[in-house]
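Everything below concerns the one structure shown next.
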Amino acid sequence: MDFRKIIRLYYDYVVPCYTKTPLVLERGRGTRVWDSHGDEYLDFFPGWAVSGLGHCHKRVTEAIKRQSEQLIHVSNNYYHELQGVLAEQVIRHSFPGKVFFCNSGAEANEAAFKLVRKLGNPSRHEIITIERSFHGRTLSAIAATGQKKYQEGFEPLMPGFVNIPFNDFAALERAITPRTVAIMLEPIQGEGGIRVADAQYLSSVRRLCNDKKIYLILDEVQTGMGRTGRMFCYKNYGIEPDIMTLAKSLGGGFPIGAMVARKEIADTLQPGTHATTFGGSPLACAAALAVFEAIEKEKLLNNTVITGSYLFKKLNELKKKHRVIKEVRGMALMAGVELEVEGKNIYEECLKRKLLINCTQGNVLRLMPPLVVKEKEIDRAIQILDEVLAAQSESGLNIK
Ligand SMILES: *Cc1c(COP(=O)(O)O)cnc(C)c1O
């Protein structure tokens, strides 16, 4: 179909709630995607952190093909083989507990909120969340999300959420009341600009939660599935949550979310208390099982640690060279480059040079290449960024 026609149909018939880049993507493989003109791009933000194994990973596409010919969906009132098998995989890689399957990050968080509310009922219902967090776009998720821009126009917000600053333990101590039932945080804030939780902070939070009998919910929707060099980011911290939420790269591109609850609390959601029609379908489970298999058999955690440290070495070299870079933050293959200027131009110039990245919070470039990325691809991305930053400073972008 003609490029203009594709765009026109979109504006005529699709609710325009997304900021769009005029790029029609047709095909992808690994770290590459191709647009409708046949141009090739190096994708360092594949599917908004969904395609964690890169585009169309062979194991995922094969699993989807195979399963789609056998059984795509069944009602959750029957059993199918793969749901328990996948739940066992998730638990084997995390902590003793049980899994509720859904279709997205917001839904996984919603399930976590319902679980802790049921536990706290009737006296405790407040959930503490963090400023600049991101937990999704449903009404409960935007109430949890500590950013006004996602809430404006949708008031009244769902009650029961309290926001505090990140990495500020004293603020957490002050925020706890007899009504507090849980605290929820991202170990590394993704949309918030790649802000990493301090190790000291997280272990203090864990200890305080134990003391006060408050549940610790970690939103690992973006940090999970190997992104930080461990299967789940909390493993870098030597602590364990009571509840963890997953989505994004769990299905290797196929929609699936999960809420993982510690054994002692998992049975809180009894028949009739919670459900979702599509959650944990045979097809979604087959895709997610292929993701676990790929990470293990292809030793992708190891690759993530090695290529991740290479990426940070290269980004820190760029920082030395370009004054416009204020800070480089993150962990393994989750990198943020905070600029002294708006990042929109840099994003657009990278796009012109066929590198796809992301810009969040106005001035933080976000790079999350797939776990299969190779050093020479990182070299290429760094080279493009280097050229773009050099051109920008020549054109005299005023540095604050
Ligand atoms: C993307 C994201 C969500 C929301 O996931 P959806 O699948 O879009 O609902 C929640 N939490 C975090 C940390 C995310 O990055």
request  = Using the structure shown, decide if Leu23 is in contact (Cβ under 8 Å) with a residue 40 or more places away in the chain, more than 25 Å from Thr304 (Cα to Cα) and not charged (D, E, K, R).
outcome  = yes
message = Which count do you get for residues in the stretch 226-243 that are surrounded by fewer than 22 Cβ atoms within 10 Å (Cβ to Cβ) and either within 13 Å of the ligand (Cβ to nearest atom) or small (Gly, Ala, Ser) (or both)?
response = 1
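In the stretch 244-265, which residue that is more than 13 Å from the ligand (Cβ to nearest atom), farther than 23 Å from Ala63 by Cα and in contact (Cβ under 8 Å) with a residue 12 or more places away in the chain is surrounded by the fewest Cβ atoms within 10 Å (Cβ to Cβ)? I'd like the intermediate steps shown before the answer.
Taking the stretch 244-265 and keeping what is more than 13 Å from the ligand (Cβ to nearest atom), we get 252, 260-265.
This time we only want the ones that are farther than 23 Å from Ala63 by Cα, so: 260-265.
Next, from what is left, pick out any that are in contact (Cβ under 8 Å) with a residue 12 or more places away in the chain: 260-263, 265.
Working: Val260: 28, Ala261: 27, Arg262: 18, Lys263: 11, Ile265: 17.
Taking the candidates together, the pick is Lys263.
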key: Single residue of the stretch 284-325 satisfying the filter (outside any helix (DSSP H, G or I) and either of a type in the set (Val, Ile, Thr) or buried (at least 17 other Cβ atoms within 10 Å of the Cβ) (or both)) that is farthest from the chain's Cα centre (by Cα)   = His322
note = Checked the stretch 177-197 for anything over 24 Å from Val260 (Cα atoms) and over 24 Å from the mean Cα position of the chain (by Cα); matches are Thr177, Pro178
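With respect to Gly120, determine if the residue is buried (at least 19 other Cβ atoms within 10 Å of the Cβ), modelled with pLDDT of 95 or more, under 16 Å from the mean Cα position of the chain (by Cα) and not assigned by TED's automatic domain parsing to the domain that holds Asn358.
Details: buried (at least 19 other Cβ atoms within 10 Å of the Cβ): yes; modelled with pLDDT of 95 or more: yes; under 16 Å from the mean Cα position of the chain (by Cα): no; not assigned by TED's automatic domain parsing to the domain that holds Asn358: yes.
Against the criterion (buried (at least 19 other Cβ atoms within 10 Å of the Cβ), modelled with pLDDT of 95 or more, under 16 Å from the mean Cα position of the chain (by Cα) and not assigned by TED's automatic domain parsing to the domain that holds Asn358), Gly120 does not qualify.
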Residues within the stretch 210-263 that are in contact with a Gly (Cβ under 6 Å, 6 or more places away or on another chain) and among the hydroxyl-bearing types (Ser, Thr, Tyr), tallied = 1
query = Among the residues of the stretch 135-145, is any in contact with a Pro (Cβ under 8 Å, 6 or more places away or on another chain), free of Cβ contacts under 8 Å to residues at least 24 places away in the same chain, small (Gly, Ala, Ser) and surrounded by fewer than 17 Cβ atoms within 10 Å (Cβ to Cβ)?
reply = no
Matching residues in the stretch 112-154 - criterion: being among the small types (Gly, Ala, Ser), more than 9 Å from the ligand (Cβ to nearest atom) and part of a loop (DSSP other than H, G, I, E, B) = Ser123, Gly153
inquiry  = It is to be established whether one or more residues within the stretch 363-372 are surrounded by 17 or more Cβ atoms within 10 Å (Cβ to Cβ), polar (S, T, N, Q) and within 26 Å of Val50 (Cβ to Cβ).
reply    = yes
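The values are calculated or read from the model by the stated rules, or taken from the named source; none is laboratory data. All values derive from a computational prediction rather than experimental measurement. In this analysis, Cβ positions are derived from the backbone assuming ideal geometry, glycine residues included, and neighbour counts consider all displayed protein chains.
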